[in-house]
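Asker: Here it is, the structure, as C-alpha cells.
Rule-based calculations on the coordinates, nothing more; no lab input. The structure presented is a predicted model; accordingly, all values stated were derived computationally and were not measured. So basically every Cβ, Gly included, is an ideal-geometry build from the backbone, and we count neighbours across all protein chains shown.
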Amino acid sequence: MPTQEAVCSKEQAVIKCDSVYKIFGDNAKKMLQSSQGNVDAKTFQDAGCIVGVNNASFEVYEGELLVVMGLSGSGKSTLLRCISRLSDATSGSVFIDGQDIMAMNNKQLIELRRNKMGMVFQSFALLPHKTVLENIAFPLQVKGVSTQDSIKKAMEMVELVSLGGRENYFPRQLSGGQQQRVGIARSLAVEPDIWFLDEPFSALDPLIRKEMQDEFLRLQSVLNKTILFITHDFDEALRLADRIAIMKDGVIEQLDTPANIILNPATDYVHKFTEEVPREKVLRIESVMDPVDKTEEISDLVVSKDAIIETVAEAVLSQQKAVSVIDENGEVVGALHCSHVINVLFGSSAQKAN
C-alpha cells in the first residue's frame, strides 16, 4: 500500500470530488443556492429536504485504498453513488482520471463503468440460474467478449479468489463468504482501474468477515487497485485503509491516515470512534518513532517501521537504550524510546486515571 508521502506526491488524482452536495427533496437546489454552501442539516430537514452529502472535497490516488466510514445515515453510501454517478449530485464536481463525469452523457457513463469501474455491494446479486463461472463471465459477455475468452478469464478469477473446484457450483451451493468471493471475482473480471465496494462484508458472520478481509488485503497486494471502500465498522476501516474519511450527517469530519485519526482526532465525534481502540494493535512503529539522534546510545535491537507495536512491544520496552527503526531497505529512519511508546499507548488513560 502506498505511504502517505507517496500518495501526496501524485500529480493527478484518479478520483477527485470538489464541493459535492447531495440533497434530497423538491426544493433541494433552491435551498442550496440560497444557503450559499453553508448547509445546516436541521434547517434543511425542517424545509422538507434531507442532506445526504454536505460539501465533500477530497482526492483518491492511484493504488490508494480510501475507506469512507460512518454510522447508518451518515451519507457514506450516498457519496459513493454520487462518485460513480449512480445518483446525480445536487451540486459540485466529480472527476475520474481528470474527466468531469457530471458532463458525461449516458453512453459515456456506460462506457466508463464498463471499462474503468468495478462495483461490489452488500447484496451479492448473483444470478441463481448461472454457475460460479457463468456469473463471473457474465459482465465480460455483456461487453461483447467471446464465450471462449470470457470463460478463460472467469477461470483465472476463480483461481484468484481461491474458489478452484467450485466453478460449476450454483450460488445456492455456496456459503455466504464464497458467494461474496464470486461477487468480487465478477467485479474484477473486467479489470477495472477503480474499485467501489459498499459494505461488501457486513452481511457475513465475524469469522467469515475476517477471512474476507484477509482475502481482500491479499488481492489488493497483488492488484494494487484504486479503491473506495464503504463500511460502518471502525475496526475494519483501521485494518484495511491507507486513509480513512469519517462522515457524520453528510459531512466528512476527518480524512487522514489511520494513525493520525487515532493519535489526533479532529472532532469530538471522531474521538468517540478512537477512544476505545487498543492502540498497540493498530499503530505501526513509524507512528511512535523519533528522529535519529547520532549522539545517543543505541541498543543492538532493530525493528521495522512497518511492524505493529504489539508484535515488538515486549522486546522494545525491555531495552534501556534507544532502539533503531529501519525501512524496507534496511536503512535507519528513526529511533524508539520507551518513554515515548508508553506515553502514546497509555498517556491518555493515565491522565484520566489521575
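Asker: Could you tell me which residue out of Val158, Gln173, His129 lies farthest along the dipole of the chain toward its positive end? Charges go on the beta carbon: Lys and Arg +1, Asp and Glu -1, centred on the Cα centre.
Answerer: Of Val158, Gln173, His129, it is His129.
Asker: So, one more: Using just the C-alpha positions of the chain as equal point scatterers, what log10 of I(q)/I(0) does the Debye formula give at each q in 0.09, 0.12, 0.14 1/Å?
Answerer: Once normalised to I(0) and log-transformed, intensities are -0.60, -0.98, -1.20.
Asker: Applying the Karplus parametrisation 6.51 cos²θ - 1.76 cosθ + 1.60 with θ = phi - 60° to the phi angles of the stretch 290-297, what ³J(HN,Hα) value in whole Hz is obtained for each residue in order, glycine and proline being reported as x?
Answerer: 10, x, 5, 10, 5, 8, 8, 6
Asker: Given Cβ point charges of +1 (Lys, Arg) and -1 (Asp, Glu) and nothing else, what value in debye, to the nearest 20, does the dipole of the stretch 280-353 about its Cα centre take?
Answerer: 340
Asker: Set Lys and Arg Cβ to +1 and Asp and Glu Cβ to -1, take the dipole of the stretch 280-353 about its Cα centre, and tell me which of Val312, Thr295, Phe346 lies farthest positive.
Answerer: Phe346
Asker: Let me ask another. Only four residue types carry charge here, +1 at the Cβ of Lys and Arg and -1 at the Cβ of Asp and Glu. Report the dipole size of the chain about the Cα centre in Debye, rounded to the nearest 20.
Answerer: Once rounded to the nearest 20, the dipole reads 1520 debye.
Asker: Normalising by the residue count of the chain, find the relative contact order in percent from Cα pairs under 8 Å and 6+ residues apart.
Answerer: Once divided by the residue count of the chain, the mean separation gives 18 percent.
Asker: Tell me the relative contact order for the stretch 240-284 as a rounded percent, counting alpha carbon contacts under 8 Å between residues six or more apart.
Answerer: Reported relative contact order: 28 percent.
Asker: For the chain, build the charge dipole from Cβ charges (+1 Lys, Arg; -1 Asp, Glu) around the Cα centre, then report which of Gln45, Gln220, Phe234 sits farthest towards its positive end.
Answerer: Going by the charge dipole, the pick is Gln45.
Asker: Now a separate question. Length gain on complete extension for the stretch Asp268 to Asp235, per 0.36 nm per residue less the alpha carbon to alpha carbon distance?
Answerer: Using 0.36 nm per residue and subtracting the Cα-Cα distance, I get 10.0 nm.
Asker: As a check on your grasp of the helix formula, calculate [θ] at 222 nm for the chain: sum -39500 (n - 2.57) over DSSP H runs of n ≥ 4, divide by the residue count, round to the nearest 500.
Answerer: Value at 222 nm, helices only, nearest 500: -12000 deg cm²/dmol.
Asker: Order of 250-257, 97-104 by packing, highest average Cβ count within 10 Å first?
Answerer: Answer by packing, highest mean first, reads 250-257, 97-104.
Asker: I've got another one for you. Tell me, what is the percent relative contact order of the stretch 159-316, built from C-alpha pairs under 8 Å that lie six or more residues apart?
Answerer: Computed value for the stretch 159-316: 14 percent relative contact order.
Asker: How tilted is helix 132-142 with respect to the longest principal axis of the chain? Cα atoms for both, answer in degrees (0 to 90, nearest 10).
Answerer: Approximately 60 degrees, to the nearest ten.
Asker: Please give the contour-minus-distance gain from Ala125 to Ile308: 0.36 nm per residue of separation, less the Cα-Cα distance, rounded to one decimal in nm.
Answerer: My answer for the length gained is 62.2 nm.
Asker: Same structure again: What's the angle, to the nearest 10 degrees (0 to 90), between helix 106-116's Cα axis and the longest principal axis of the chain?
Answerer: 50
Asker: OK, next. Test of understanding: what is the full-extension gain from Glu297 to Asp193, defined as 0.36 nm times their sequence separation minus their Cα-Cα distance?
Answerer: Contour length minus the Cα-Cα distance gives 32.6 nm.
Asker: Taking θ as phi - 60°, what are the ³J(HN,Hα) couplings along the stretch 205-216 by the Karplus curve (6.51, -1.76, 1.60), each to the nearest whole Hz, with x for Gly and Pro?
Answerer: 6, x, 5, 5, 4, 4, 4, 5, 5, 4, 5, 4
Asker: Another question about this same structure. Once the Cα atoms of helix 147-160 and of the chain are each reduced to a long axis, what angle between those two axes, in degrees from 0 to 90 to the nearest 10, is obtained?
Answerer: The angle comes out at about 20 degrees.
Asker: Taking θ as phi - 60°, what are the ³J(HN,Hα) couplings along the stretch 231-237 by the Karplus curve (6.51, -1.76, 1.60), each to the nearest whole Hz, with x for Gly and Pro?
Answerer: 7, 9, 9, 5, 4, 5, 4
Asker: Still on this structure: Please list the non-local residues whose amide H lies under 5 Å from the amide H of Gly118, H modeled 1.01 Å from N, same-chain partners needing a gap of 5 or more.
Answerer: Ile194, Trp195, Phe196
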